[in-house]
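Nothing in this text is a laboratory measurement; each read-out follows from the coordinates by a stated rule. Everything numeric here is computed off the predicted structure, so don't read it as measured data. Cβ: placed from backbone, ideal geometry, glycine included. Neighbour counts: every protein chain shown.
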Amino acid sequence: MTVAVLLLALTACGPVKYGGVSQTLTTPELKYRLIDTIGSPLFCGPPVVRIPSDAEASQEAATLRSQDAASFDAIVHHEKLDAAHLTADDDRRIVQQVQVLQALPLGADGPRFRFDYIAGRPSPEHVVGTIDAHGTISLESHDPTQFPGRGGCPICLAATVRIATPDGAIPVSDLRAGMLVWTVDAGKRVAAAIAIVRHTPAPFGHRVVRIVLADGRAVVASPGHATADGRRIGALNPGDLLDGSRVVTIDVLPYSGDTWDLLPRSSTGTYWADGVLLGSTLANVGQ
């Protein structure tokens with residue numbers, strides 16, 4: 001009998017239990033216990049990954065060490081790194097592992113923590129259960145699923161983002177081909193008809209990025225969405241310029257439902273989303 005069949009038989013009779021340890025574990029340690037026992041989380045990241053330079057990776061690792069020692073210590077222990085002699089590759093591994101831990105949220109459920117995510121296992125499964133402070137796991141269900149789903153990993157906008165039009169700001173989910181939006185053409189702000197509107201279902205566990213600028217503007221988009229100058233939302237850092245203002249904060253948030261994008265008929269294909277000039281992911285889609 002295969003492990004998958006055995007687990008299916010066991011969960012049919014109730015939760016599968018995995019024993020814990022004597023000491024109390026930190027939240028990052030609990031996440032690694034789930035990763036090692038149940039499986040690593042599958043999640044959508046930017047389609048174009050920016051590899052940090054040696055200096056950038058070193059700075060990010062140092063910041064994590066000073067601001068989130070529990071995560072730093074858990075990563076170093078799990079990846080079997082020497083904290084006193086970290087190489088540039090070690091720093092980059094730490095940065096990558098931060099994303100893995102962020103993709104596995106734990107919610108308080110009385111004396112335990114509840115998990116609900118897509119695990120590799122090695123084929124994708126939707127796993128649900130609880131883990132206590134000592135790492136005792138109760139796997140309540142593990143159902144085969146598709147990841148990321150028929151629409152692929154979204155690189156679009158949250159449905160509530162409002163697009164600037166001659167008739168005022170309109171939710172992107174209410175726009176249709178042929179409607180007018182503000183765009184940039186030949187260096188000028190002009191009204192142009194929408195050529196394409198597309199939407200993609202976000203897979204379970206999808207995360208979006210909320211960018212807040214120094215002038216108060218804020219926009220929510222998938223990490224892979226393009227800025228007007230061709231960068232990716234997920235590659236921005238605090239202090240970077242975006243549409244003439246500095247990025248102040250960057251938050252990664254859970255998201256469910258469809259993500260949306262549009263393509264105006266202009267030379268740039270850009271548009272204003274919640275007041276921020278962005279590019280379109282549909283520029284190469286045939287019209």
Is there a quick way to get the dipole size of the range 48-92? I mean about its Cα centre, with the Cβ of Lys and Arg at +1 and of Asp and Glu at -1; what is the value in debye to the nearest 20? 80 debye
For the chain, the dipole about the Cα centre with charges only on Cβ (Lys and Arg +1, Asp and Glu -1), to the nearest 20 debye, works out at 640 debye
Partners for LYS31 among lysines (Cα-Cα distance below 17 Å; same-chain residues under 8 apart left out): LYS17, LYS80
Of the options PHE43, VAL21, ALA159, report the single residue whose Cα projects farthest towards the positive end of the charge dipole of the chain (beta-carbon charges: Lys, Arg +1; Asp, Glu -1). ALA159
Dipole-positive endmost among PRO238, SER123, PHE147 within the chain (Cβ charges, Cα centre): PHE147
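Once the Cα gyration tensor of the chain is found, what semi-axes does its equivalent ellipsoid get, as square roots of 5 times the eigenvalues, in whole Å, sorted largest first? Could the numbers behind the result be given before it?
On the way: eigenvalues 308, 117, 45 Å².
After scaling each eigenvalue by five and taking roots: 39, 24, 15 Å.
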Relative contact order in percent for the range 92-179 (Cα pairs under 8 Å, 6+ apart) equals 15 percent
Charge dipole of the chain about the Cα centre (unit charges at C-beta), most positive-ward option of PRO203, GLY107, ILE250: PRO203
Distance (nanometres) between label positions extended 7 Å along Cα→Cβ at THR87 and GLU56: 2.1 nm
Using a Debye calculation, one point per C-alpha and no hydration shell, please list log10 I(q)/I(0) for the range 157-278 at q = 0.10, 0.11, 0.15, 0.16 Å⁻¹ in order. -0.28, -0.34, -0.64, -0.74
For the range 104-217, what are the per-bin percents of Cα-Cα distances with bins 5 Å wide, up to the bin holding the maximum? 2, 9, 13, 14, 13, 12, 10, 8, 8, 6, 4, 2, 0
What's the ranking of 55-62, 115-122 by average number of surrounding C-beta atoms within 10 Å, highest first? 115-122, 55-62
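Given the rule -39500 (n - 2.57) for each run of at least 4 DSSP H residues, summed and divided by the residues of the chain, what is its mean residue ellipticity at 222 nm, to the nearest 500 deg cm²/dmol?
Numbers: 5 runs with 60 residues, N = 287.
Calculated from helices alone, the mean residue ellipticity at 222 nm is -6500 deg cm²/dmol.
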